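The values are calculated or read from the model by the stated rules, or taken from the named source; none is laboratory data. None of these values were measured; they are calculated from a predicted model. Neighbour counts are summed over all protein chains in view; Cβ atoms, including those assigned to glycine, are modelled from backbone coordinates with ideal geometry. To get the accessible areas, we keep the full protein, side chains included, count just its heavy atoms, and leave off ligands, DNA and RNA. Shrake-Rupley method; radii C 1.70, N 1.55, O 1.52, S 1.80 Å.
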Amino acid sequence: MHVGILTGGGDCPGLNAVIRAVTLALINEGSARVTGIERGFLGLITGEHRPLDGAAVAGILAQGGTILGTHNRCDPFHFFGASGADVSAQAMSRVREWGLDALVVIGGDGTMAIADKFQALGLPVVGVPKTIDNDLCHTDRSFGFDSAVAVVAEALDRLETTARSHGRVMIAETMGRYAGWIALEGGIAGAADVILIPEVPYHVETVAEICRRREASEGYTLICVAEGAHPIAGGLTVRATIADSPDPLRLGGVGAVLASQLQPLLNSEVRATLLGHVQRGGSPTPYDRVLATRFGYHAAQLVRQQRFGRMVVLKGEDCDSVPIAEVAGRTRPVPLDYPLLQAARGLGVSLGE
Ligand code: F6P
């Protein structure tokens, strides 16, 4: 068997661990030939690829990023933009030229939507869920999330000591797109006093009231805000619009906006820190290394069993799979009855309601 593998969308800690696991399992257990396609689906158009074997994946388990490179704007069905040309036939002839029998696609909801279309064109595909945002449907966890949460927790730990020393309100803004998973778990892990997520619109006055109360008691406040969080009477804070991207809105900046809204209402100084891509870079946590390895191994099993058109998922403690079509282009917000939300409220953490 000749199997291609690519990474699509934004990078994420653990991508290399999946590439390694898929490659080693297919070679050791399936005597397959494995080819890495470079820069996501773009490599299927440009022809950039490289052979993968034991030596090629040696030493990459703990490396951040992706040795294959990635692309978050390349959709061969709309090549660079919604009105872009359909160059999928070109990609399919590349698949035939290389003699690929199957493709393992590691990515988020957008990448799975593209993978699903290739499956419909007759290219056997297996998906592996990747995103620090943890917002893919049908999987309890995507790899990369734990690593992002660890960064947020450490940042809050550090912000806490300086907030306490200066008697300040410190705001940490996380990534996460339209879901609050990173801010919620990172905020809980870093003992934030206020956690603001997109699923629960906030009142600026409520947040100000918490800060005022804490000015008089603890003397400082730690706020963790997701980039997609928004006030009840306001919209998203958009950093940029990338016209030729399948997901054109780039969020970011809500922390600074919130700081400017809170400052006139408080005596203490308010400072905002944008954690940004620091959450996506660097080495995966041990949990993510193991999860990515399990996902990669499971993907290789699906390929060997010819169970195509499926994406690996984590259900409880177990790896399983679902049809890619059920995941493609859909996202999973934090459910309003998620127990951790209730636990947060119970501990006196404000959600800005
Ligand atoms: O989906 C992962 C993610 O890191 C989001 O949390 C964030 O909104 C987005 O990607 C940022 O994308 P870019 O790297 O293109 O700015």
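As a calculated quantity, the FRET efficiency between residue 305 and residue 239 at R0 = 30 Å, using C-beta atoms, amounts to about 0.10.
Round to the nearest 10 and give me the degree value, 0 to 90, for the angle of helix 286-304's Cα axis relative to the longest principal axis of the chain. The answer is roughly 30 degrees.
When +1 charges are put on Lys and Arg Cβ atoms and -1 charges on Asp and Glu Cβ atoms, the dipole computed for segment 136-221 relative to its Cα centre reaches about 160 debye. Considering segment 145-197 at the alpha-carbon level, its Rg and Dmax are found to be 10.7, 33 Å. Binning all Cα-Cα separations of the chain at 20 Å, short to long from zero, yields these whole-percent fractions: 31, 51, 17, 1.
Carbon and sulfur atoms: what percent of the 1.4 Å accessible area of segment 228-281 do they account for? Carbon and sulfur atoms account for 59 percent of the accessible area of segment 228-281.
Each peptide among 79-90, 202-213 gets the average number of other Cβ atoms lying within 10 Å of its residues, and from highest to lowest they stand as 202-213, 79-90. Computed with a 1.4 Å probe on the full set of protein chains, the accessible area for residue 287 sits at about 100 Å². Normalised per residue, the accessible area of segment 310-353 is 52 Å², obtained with a 1.4 Å probe and no contribution from ligands, DNA or RNA.
State the Cα centre-to-centre distance between segment 135-155 and segment 1-51 in whole Å. Between the Cα centres of segment 135-155 and segment 1-51 lies a distance of 22 Å.
If you wrap the tightest convex hull around every Cα atom of segment 95-166 and split its volume per residue, you get 111 Å³. Can you tell me the FRET efficiency between residue 31 and residue 56 if r is taken as the Cβ-Cβ distance and R0 is 22 Å, rounded to the nearest 0.05? E between residue 31 and residue 56, to the nearest 0.05, is 0.85.
For segment 141-233, the spread of Cα positions along the three principal axes, ordered from largest to smallest, is 41, 32, 14 Å. Tell me the carbon and sulfur percent of the accessible area for segment 151-191, rounded to whole percent, probe radius 1.4 Å. Carbon and sulfur atoms account for 52 percent of the accessible area of segment 151-191. Using equal-weight Cα scatterers in the Debye expression, the normalised intensity of segment 64-119 in log10 at q = 0.12, 0.16, 0.31 Å⁻¹ is -0.31, -0.55, -1.34. Taking the 1.4 Å solvent-accessible surface of segment 84-141 as the whole, the part contributed by carbon and sulfur is 49%. Each residue of segment 45-50 was assigned a 3J(HN,Hα) from its phi angle through the Karplus curve 6.51 cos²θ - 1.76 cosθ + 1.60 (θ = phi - 60°); the sequence is 8, 7, x, 6, 7, 8 Hz, with glycine and proline shown as x.
Label-to-label distance, residue 216 versus residue 330, with points set 7 angstrom from Cα along the beta-carbon direction: 4.9 nm.
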